[in-house]
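Below: the structure, in structure tokens.
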Amino acid sequence: MRREGYIIEEIIEYSNMSEAFDAVLRGTDRKESIQGKKLLAHREEVISKLTAAIENGSFQLGGYHETEIKEYGKSRILQILSMYDRIAVYAVMNVVDRHLQKRYIRTTGASIKRRGTHDLMPVSYTHLTL
């Protein structure tokens, strides 16, 4: 098995952390929420705290809260992380996805960026014309 190196360094790069911050706080609703306003007011402090915690290995998810939503006549319970925690998770997974993407076989499609259901079709069916 091949070992990837310097992953933590890639995760804590300012550009990656900043991209994660912007991705999590995308959208007017998130920016105007109480949590979003606090994060935006202390952007650099949040990024530096998360960077330090990820770098020294002390970062832990702070927990989640549950909320019930009703869509299309069905109700379900969602477990939601705080935006602060989501920034860290996004930063980590952004780098990890990049390193793991090349290891996936072509027919792996679950939750992988730039892959859709057509990737799950057997090769013999992809050339079939009707």
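The values are calculated or read from the model by the stated rules, or taken from the named source; none is laboratory data. If you're wondering where the values come from, they're calculated on a predicted model, not measured in any experiment. Here Cβ is always computed from backbone atoms with ideal geometry, including for glycine, and neighbour counts include all displayed protein chains. Note: accessible area is taken over every heavy atom of the protein model, side chains too, but ligands, DNA and RNA are not part of it. Shrake-Rupley method; radii C 1.70, N 1.55, O 1.52, S 1.80 Å.
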Per-residue HN-Hα couplings for segment 35-47 [Karplus 6.51, -1.76, 1.60; θ = phi - 60°; Hz; x = Gly/Pro]: 4, x, 4, 5, 5, 5, 5, 10, 3, 5, 5, 5, 4
Backbone N within segment 8-48 under 11 Å of label point (7 Å from Glu55 Cα along the Cβ vector): 9, 12-14, 48
Nearby lysines by direct alpha-carbon distance to Lys74 (threshold 30 angstrom, same-chain neighbours under 8 apart not counted): Lys31, Lys113
At R0 = 25 Å, FRET efficiency that the Cβ-Cβ distance of Ser82 and Glu45 yields, to 0.05: 0.95
Accessible area of Thr28 in the full protein assembly, 1.4 Å probe (Å², nearest 10): 90
Distance in nm between pseudo-label sites at Ser75 and Ile34 (7 Å out along the Cβ direction from Cα): 2.4
